Amino acid sequence: MNQTDKQKGRLIAIITMMFIYAMIAFVTNLAAPAGVIWKNQPELMGSNTLGMMGNMMNFLAYLFMGVPAGKMLVKIGYKKTALIAIAFGFVGVLVQYLSGKSSGFTGFGIYLLGAFICGFCVCMLNTVVNPMLNLLGGGGNRGNQLNLIGGTLNSLAGTLTPMLVGALVGTVTKDTAMSDINLVLYIAMTVFALAYVILTFIPIADPEMGKATQDTVFEHSPWAFRHCVLGIIGIFVYVGVEIGIPGTLNFYISDTSDKGAGVLENAAAIGGFVAGTYWLLMLVGRFIAGFIADKVSSRMMMIVVSSVAMLLIIVAMLSSKETTTSMPVFTGSSFTMVTVPISALLLVLCGLCTSVMWSSVFNLATEGLGKYTAAASGLFMMMVVGGGVLPLLQNFIADKTGYMISYIIPLAALAYLLYYALFGCKNVNKDIPVD
């Protein structure tokens, strides 16, 4: 293969990975707004914990599929792993669609099964897209830059999903059902079907840099690298922060009881838009970072954004819900300014901070791993289960003590991420051969 063909193949691979990045967010961010619908079913009695169970099932799949997904990269390659993942995605969304045919705990159980299947999909897709973009970029700042650009598309899909669901259902009542968001599910199934067909015909060669095969000898494992182990923990807590902040905020705004933000007309639509604005700011943050990531180190980014996010959450927790501000909200037919607690705005601004954390932690934790990169990626994917565990714990606290107090969970997680950026990310195991 000549140099021109290699460059063309590399460009096709990068574009394909960017598209997959968007699909990951579309599926993942369906869980929180769908949870708002299910928790208001009479049988679930408005429980935030049960409402977050779809999100938990989605991320629980990572615990089972993380390591196998990493091994799939070695045995069958990136493209076949992505195709299998897309097939799982179609089936998972189809099962969620079928949950709308039933009500009560029967329908809820079917929905949770669909969310679990979708979790297998996004786990495998994440396993493919992150190391491939990092390797295609040559590692270092350039690899981080490609992941940030892909993350911009990821945030775009994440922004639109809760907004679309919120606009479709308006105010959630006990009569609101999954069938009310069939349009979103139709779109998701169509995207997966088209993606499968398109990807089948796109020639994608596995990246050569850092590639391991079945013949590669592994004298050690990713667990031998301290910065990788601490990075694995970092991925666990980061995903919990990324999902917990907007997911719980959506519940808070949509909750029309005294415990919520207040009785708002079209509360679910407003909650969906507020949560969507968080993802929109993640898009903005990743877009901006994509231009500076080759000049600013991942470590410096993490130090700054972790510190700022902690400050925003602390102020939000100390603010009264009577202290309000206005935000532009799409109510289903037009944009309008809606009054929300100032804490909602502060938490939404955290999206600018979390926007660069995934790629930065991944980049720091895989730096210098060489042939252990694919195996490490599988371990990282296992720990994405934090996106289910931490928000579930956060909403358990929200049920018991209140929404704002529950943000102690992401605050503690951010404190760990700051520690990792300051001290834990240094590779102290450079004596281990990685070629």
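The values are calculated or read from the model by the stated rules, or taken from the named source; none is laboratory data. Bear in mind that the values here come from a model prediction, so they are computed numbers and not experimental data. With ideal geometry, Cβ positions are generated from the backbone for all residues, glycine too; neighbour counts draw on all protein chains shown. Heavy atoms of the whole protein, side chains included, go into the accessibility calculation; ligands, DNA and RNA do not. Shrake-Rupley method; radii C 1.70, N 1.55, O 1.52, S 1.80 Å.
Looking for whichever is within 20 Å of Pro131 (Cβ to Cβ), over 23 Å from the mean Cα position of the chain (by Cα) and not acidic (Asp, Glu) here; the options are Gly402, Gly368, Gly386, Gly378. Which one fits?
On the way: Gly402 fails: within 20 Å of Pro131 (Cβ to Cβ); Gly386 fails: over 23 Å from the mean Cα position of the chain (by Cα); Gly378 fails: over 23 Å from the mean Cα position of the chain (by Cα).
On inspection, the qualifying residue turns out to be Gly368.
Considering only region 303-319, I want to know if a residue exists there that is within 24 Å of Met337 (Cβ to Cβ), open to solvent by 10 Å² or more (accessible area, probe 1.4 Å) and more than 21 Å from the chain's Cα centre (by Cα). So that I can check it myself, show each step before the final result.
So in region 303-319, the residues within 24 Å of Met337 (Cβ to Cβ) come out as 312, 315-316, 319.
Next cut, open to solvent by 10 Å² or more (accessible area, probe 1.4 Å) only: 312, 315, 319.
Filter once more, keeping what is more than 21 Å from the chain's Cα centre (by Cα): 315, 319.
Yes, that holds for at least one residue.
So that you can scan it fast, the table gives a plain yes or no per residue for (1) buried (at least 16 other Cβ atoms within 10 Å of the Cβ); (2) over 18 Å from Asp180 (Cα atoms); (3) touching a Phe, Trp or Tyr at 6+ places or on another chain (Cβ under 9 Å):
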| residue | (1), (2), (3) |
| --- | --- |
| Val27 | yes, no, yes |
| Lys39 | yes, no, yes |
| Thr49 | yes, yes, yes |
| Gly54 | yes, no, yes |
| Gly66 | yes, yes, yes |
| Gly89 | yes, yes, yes |
| Ile110 | yes, no, no |
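For Ile409, which of the numbered conditions (1) closer than 15 Å to Asn48 by Cβ; (2) open to solvent by 70 Å² or more (accessible area, probe 1.4 Å) fails to hold?
Unmet condition: (2).
Is one or more of the residues making up region 48-57 within 21 Å of the chain's Cα centre (by Cα), more than 17 Å from Gly378 (Cα to Cα) and outside any helix (DSSP H, G or I)?
yes
Of all residues in region 72-105, which are aromatic (Phe, Trp, Tyr) and either in contact with a Pro (Cβ under 9 Å, 6 or more places away or on another chain) or more than 30 Å from Pro131 (Cβ to Cβ) (or both)?
First, pick out the residues of region 72-105 that are aromatic (Phe, Trp, Tyr): 78, 88, 90, 97, 105.
Across region 72-105, the qualifying residues are Tyr78, Tyr97, Phe105.
So which residues in region 325-353 are in contact with a Pro (Cβ under 9 Å, 6 or more places away or on another chain), modelled with pLDDT of 80 or more and not aliphatic (A, V, I, L, M)?
Hits for region 325-353 are Thr325, Cys350, Gly351.
For region 273-368, please list each of the helices (runs of 4 or more DSSP H) lying entirely inside it that holds at least 1 residues being small (Gly, Ala, Ser) and touching a Gly at 6+ places or on another chain (Cβ under 8 Å).
Working: elements: 298-318, 342-354, 357-366.
In region 273-368, the matching helices (runs of 4 or more DSSP H) lie at 342-354, 357-366.
Would you confirm whether any residue within region 93-102 is open to solvent by 40 Å² or more (accessible area, probe 1.4 Å) and in a loop (DSSP other than H, G, I, E, B)?
Within region 93-102 (the criterion being open to solvent by 40 Å² or more (accessible area, probe 1.4 Å) and in a loop (DSSP other than H, G, I, E, B)), the answer is yes, since at least one residue qualifies.
Can you pull out the residues in region 210-267 that are of a type in the set (Asp, Glu) and at pLDDT 80 or above?
Glu242
Restricting region 389-419 to residues that are out of contact with any Lys or Arg (no Cβ under 9 Å at 6 or more places or on another chain) and aromatic (Phe, Trp, Tyr), which is modelled with the lowest pLDDT?
Phe396
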